[in-house]
Amino acid sequence: MILITGITGLTGKFLYSEIKTKLPTQKIRYLVRETSDVSWMDGNDELVTGDLYEQEDVTSALQGCDSVLHLAPRSVLPHVIKGCELNNIHRIFYVNSTGIYSQFKSSSHADKKNEVLLKESGLTYTIVRPTMIYGNEQDGNMHMLIKIMNKTPLYPVLGKGHGLMHPIYAQDLAKCLVEVLRKEKITRNKEYNVAGFEPLRYIDILTKIAAALDKKVRFIHIPYGLALFAGKIGDKIPNPLITHEKVLRLNEDKHFDYSLAKDELNFSPISFEEGIRLEVEELRKNNII
């Protein structure tokens with residue numbers, strides 16, 4: 001029995017579909033919040049309600065399981081590790097983030113600390129590190145860009161927009177996770193970076209989003225120094241759009257080698273053009289744009 005956390009999130013919904021298709025006989029228990037919308041699930045699944053931020057709930061959910069796939073949130077990994085110890089579980093699959101490679105402490109510190117904690121726990125682990133994930137309205141980045149560009153013919157670009165990004169379509173990550181489960185022995189105590197088909201400059205990503213929307217969008221370049229100043233103001237006035245670090249990270253190249261996942265997990269991500277087209281279709285189907 002595998003306990004899976006985070007099934008109602010962005011990647012989780014794609015993972016659920018992949019599991020039903022490729023692991024139909026695998027015994028799985030899903031930990032969900034009492035308030036989670038599970039109406040889209042088929043009704044035949046073993047669900048247990050609880051709060052990942054409560055150690056007692058996590059420990060209880062793990063009873064009778066022999067492994068866990070911890071998809072989200074990353075901040076509660078210590079509770080999951082403790083729950084494994086209390087239930088004599090020795091196998092964990094952990095979805096972290098390529099944010100560990102960032103030069104900015106707030107983006108990397110907690111994720112690095114989690115990996116140290118996991119490796120020191122004595123558990124047999126597999127770590128999967130995706131880049132920025134996108135795919136529907138639950139992603140924290142692309143769907144906002146799509147919504148803004150869908151409403152206006154003008155879009156601000158901080159600096160030249162030449163920083164590299166390497167976003168991954170959520171279904172590609174879900175397929176990778178299923179392969180990790182299927183190849184449990186091969187993936188023991190290994191770490192896999194996974195990303196989109198190829199890295200793209202931020203300005204090229206914006207251009208491809210506009211193309212997926214079939215809209216003419218004019219990009220207004222804001223001088224980098226001015227953008228940094230605006231980011232500092234954003235730090236003082238909390239908002240979801242701009243902070244000083246977000247501006248800095250837009251200029252940080254994010255390009256990752258996923259050759260190990262390609263070789264061992266048959267990882268073959270789709271292009272950003274294809275992925276963003278699918279997301280636009282999904283947003284339109286759900287009347288979000």
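Structure remark: mean-square fluctuation, Gaussian network model of the chain, C-alpha springs under 10 Å; the largest value among Val128, Val217, Val58 belongs to Val217.
About its Cα centre, the dipole of the chain is roughly 760 debye, where the only charges are +1 on Lys and Arg Cβ and -1 on Asp and Glu Cβ. Temperature 10 °C, viscosity 1.306 mPa s: under these conditions the Stokes-Einstein estimate for region 155-282, based on its Kirkwood radius over C-alpha pairs, is 96 µm² per second. In percent, what relative contact order does region 54-206 have, based on Cα pairs under 8 Å that are 6 or more apart in sequence? The value is 22 percent. Under 5 Å from the amide H of Ile222 lie the amide H atoms of Val157, Leu158, Gly159, each residue being 5 or more positions distant or on a separate chain, with H modelled from the backbone and absent for Pro and chain starts. When the helices of the chain are scored as -39500 (n - 2.57) per DSSP H run of n ≥ 4 and the total is divided over every residue, the value at 222 nm lands at -13000 deg cm²/dmol. Applied to region 29-36, the Karplus parametrisation 6.51 cos²θ - 1.76 cosθ + 1.60 on θ = phi - 60° returns per-residue 3J(HN,Hα) values of 10, 10, 8, 10, 6, 4, 8, 5 Hz, with x for Gly and Pro. Most simply put, region 32-141 has about 0% antiparallel DSSP beta bridges, counting only bridges with both residues inside it. Is the shape of region 222-289 rounded, prolate or oblate, going by the alpha carbon gyration tensor and its root eigenvalues a ≥ b ≥ c, with a/c under 1.5 for rounded and a/b larger than b/c for prolate? Verdict is oblate for region 222-289. Which entries of Lys208/Lys236; Lys183/Lys254; Lys151/Lys236; Lys13/Lys285; Lys13/Lys246; Lys112/Lys254 have Cα-Cα distances beyond 24 Å here? Cα-Cα > 24 Å for Lys208/Lys236; Lys183/Lys254; Lys151/Lys236; Lys13/Lys246; rest within. As a proxy for reagent exposure, ranking Ile127, Ile28 by other Cβ atoms within 10 Å from fewest up yields Ile28, Ile127. Annotation: the antiparallel percentage among DSSP beta bridges lying fully within the chain is about 5. Taking every alpha-carbon pair under 8 Å whose residues sit at least 6 apart, region 138-289 reaches a relative contact order of 39 percent. Of the DSSP H helices in the chain, those with a Cα length along their own long axis of 15 Å or more and a mean Kyte-Doolittle hydropathy reaching -0.5 comprise 10-22, 170-182, 202-213, 224-236. Where is the GNM fluctuation largest for the chain (alpha-carbon springs, 10 angstrom cutoff): Gly275, Gly231, Gly12? Of Gly275, Gly231, Gly12, the most mobile in the Gaussian network model is Gly231. The shape of region 74-223 comes out prolate: with a ≥ b ≥ c from the C-alpha gyration tensor, a/c is at least 1.5 and a/b beats b/c. Using a Gaussian network model of the chain whose springs link C-alpha atoms within less than 10 Å, name the residue from Gly135, Gly163, Gly43 with the highest mean-square fluctuation. Fluctuation is largest for Gly43. When Leu260, Leu10 are sorted by how many other C-beta atoms sit within 10 angstrom of their C-beta, beginning with the fewest, the order is Leu260, Leu10.
As a proxy for reagent exposure, Ser67, Ser75 were ordered by neighbouring Cβ count within 10 angstrom, fewest first; the result is Ser75, Ser67.
No value in this document is a laboratory result; all are computed from the given coordinates. In this text the structure is predicted, and so the values were computed from the model without any measurement. So basically every Cβ, Gly included, is an ideal-geometry build from the backbone, and we count neighbours across all protein chains shown.
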